[in-house]
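Visitor: Supplied in C-alpha cells, the structure appears directly below.
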Amino acid sequence: MDANLGRVVVTGAGGRIALTVRAGLRAEADSLVLVDQAPVTDADDNETVVEADTADLDALVKAFDGADAVVHLAALSDEAPLADLLDTNVQGTCNVLEAARRTSVPRVVLASSNRVTGGYPIHHHVFCDEPPRPDGFYGVSKVAVEALGQMYADTFGLQVVALRFGSFEEEPAETRHLATWLSPRDCVGYVRSALTAPNVNFLAVYAVSANARRFWDISVAETELGYKPVDDAARYASRFPDDDPFWHGGPQGGEYATPEALLPYLPE
Ligand SMILES: NC(=O)c1ccc[n+]([C@@H]2O[C@H](COP(=O)([O-])OP(=O)(O)OC[C@H]3O[C@@H](n4cnc5c(N)ncnc54)[C@H](O)[C@@H]3O)[C@@H](O)[C@H]2O)c1
C-alpha cells in the first residue's frame, strides 16, 4: 500500500520506534526531516538531519517549515522524575504543536502510551474514551500530551492523532506482551494511517497488535484511521507460563504499576 506522505518531520528520529517507522515509510515520503537531540548518523538519501532539542521552539519552527506532517516521537520513554517528564514530554510536545501551528503544518501524530490507562485492572476492556488511569508519572505526562493535542485541535484546528503505543518489540519478550505487544509491522501501519486518514480533528487510540489477549479497544482505530492490525502475540504464547501471576489480576501496567517502580521517582 503506497500513500503519498509528502514531507514528514520525525522527532526522536534516532529512537527505537523511529528507526522502524522511517524504514517503513521513507519510500512513501518525498522527504523525511529527522529531528533528534542526539546525533543521527544513518540518514538515507531522502532524509535530512536536524540536531535539535524539542525545548528549542525556534529550531522546531525552522525544521517544520514546508512540512506536510509531523510524527512526534521524541520523549523520555519510561518512568522518570515528574519534573523531567514535564520538561521533555509535556513542554516538548507543546513546543512541537506550537511549531506546527506557526508553520501551518496540518497534521501531527503524537506518541502517547498505553500507560495512560495502565491503572485499570487486566480484566477490564478499556475503550479509548474512558477516563485516564495512569500507572506512573510517565503515564501522567502522556495524559498531558493527549490533552495538549486535543487543545490544539479544538482551538487552532490542527489535525492531531495520539497513538497509545503498546509494547513495541520485535517479538513479545514477557507474559504481559501477550496482551500489549505492538509488532514493527503494525507500528508502521498505525503511523501510516494516522498520517493519511481523512477527516481527523482529534483522536486518541490504542496502537496495539491484534493480540487475542489484548485489553484495549481497537475498533475506533479501525473505523476512524482505517487500520486493522495483522499480528497476534498468541503465536509466541508457548514461550510464557500459562499460570503467570500477571493473569491472576492486578493492573494492566503490571510491574510498572507497582509502588516499588515509582518509589525512586517520588519527590524528595
Ligand atoms: N517503545 C515503546 O514500547 C513505547 C510504548 C509506548 C509509547 N512509546 C512512546 O513512543 C515514543 C518513541 O519511543 P521509543 O521507544 O522509540 O523511544 P526511545 O527512547 O528509543 O527514543 C526517543 C528518542 O527521542 C530523543 N529525544 C529525547 N528527548 C529529546 C528532546 N528533548 N529533544 C529531541 N530529541 C529527544 C532521544 O535522543 C531518542 O532518540 C516515545 O514518545 C515513547 O514515550 C514507546
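Nothing in this text is a laboratory measurement; each read-out follows from the coordinates by a stated rule. Just so it is clear, the model here is predicted, and its values are computed rather than measured. Cβ: placed from backbone, ideal geometry, glycine included. Neighbour counts: every protein chain shown.
Visitor: If I filter segment 172-198 down to residues being within 12 Å of the ligand (Cβ to nearest atom) and among the small types (Gly, Ala, Ser), which single residue comes out as surrounded by the most Cβ atoms within 10 Å (Cβ to Cβ)?
Guide: Selected residue: 183.
Visitor: Something else now. Please list, ordered by first then second residue, the pairs with beta carbon atoms under 7 Å, 6 or more apart or interchain, first in segment 217-240 and assigned to a loop (DSSP other than H, G, I, E, B), second among the basic types (Lys, Arg).
Guide: Every condition considered, the pairs that remain are 230/185; 231/185.
Visitor: To continue, here is another question. Any residue in segment 112-139 that is free of Cβ contacts under 8 Å to residues at least 60 places away in the same chain and within 12 Å of the ligand (Cβ to nearest atom) sitting within a Cβ distance under 8 Å of a residue that is of a type in the set (Phe, Trp, Tyr) and assigned to a helix (DSSP H, G or I)? List the pairs, counting only those 6 or more apart or interchain.
Guide: Final answer for the pair search is 113/138.
Visitor: Restricting the search to segment 86-110, which residues are touching a helix residue (DSSP H, G or I) at 6+ places or on another chain (Cβ under 7 Å) and within 10 Å of the ligand (Cβ to nearest atom)?
Guide: Once the filter is applied, which keeps residues that are touching a helix residue (DSSP H, G or I) at 6+ places or on another chain (Cβ under 7 Å) and within 10 Å of the ligand (Cβ to nearest atom), segment 86-110 yields 89, 93, 95, 96, 110.
Visitor: Given (1) in contact with a Leu (Cβ under 8 Å, 6 or more places away or on another chain); (2) among the polar types (S, T, N, Q); (3) in a loop (DSSP other than H, G, I, E, B), identify the lone condition not met by residue 104.
Guide: (1)
Here is a yes/no grid of residues against (1) buried (at least 24 other Cβ atoms within 10 Å of the Cβ); (2) among the aliphatic types (A, V, I, L, M):
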| residue | (1), (2) |
| --- | --- |
| 115 | yes, no |
| 128 | no, no |
| 132 | no, no |
| 139 | yes, no |
| 151 | no, yes |
| 157 | no, no |
| 161 | yes, yes |
| 166 | yes, no |
| 170 | no, no |
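Visitor: Same structure again: So, restricting to strands (runs of 3 or more DSSP E) that lie completely within segment 1-53, which ones have at least 2 residues that are in contact (Cβ under 8 Å) with a residue 40 or more places away in the chain?
Guide: Values: elements: 6-11, 29-36, 47-51.
Per the criteria, 6-11.
Visitor: Hey, another quick one. Out of everything in segment 12-27 that is surrounded by fewer than 17 Cβ atoms within 10 Å (Cβ to Cβ) and farther than 20 Å from residue 54 by Cα, what residue ends up being farthest from the chain's Cα centre (by Cα)?
Guide: Looking at residues that are surrounded by fewer than 17 Cβ atoms within 10 Å (Cβ to Cβ) and farther than 20 Å from residue 54 by Cα, I get 27.
Visitor: Residue under question is residue 71, and the condition is that it be touching a residue at least 12 places away in the same chain (Cβ under 8 Å), over 19 Å from the mean Cα position of the chain (by Cα) and assigned to a strand (DSSP E or B); does it hold?
Guide: Details: touching a residue at least 12 places away in the same chain (Cβ under 8 Å): yes; over 19 Å from the mean Cα position of the chain (by Cα): no; assigned to a strand (DSSP E or B): yes.
So residue 71 does not fit the description; no.
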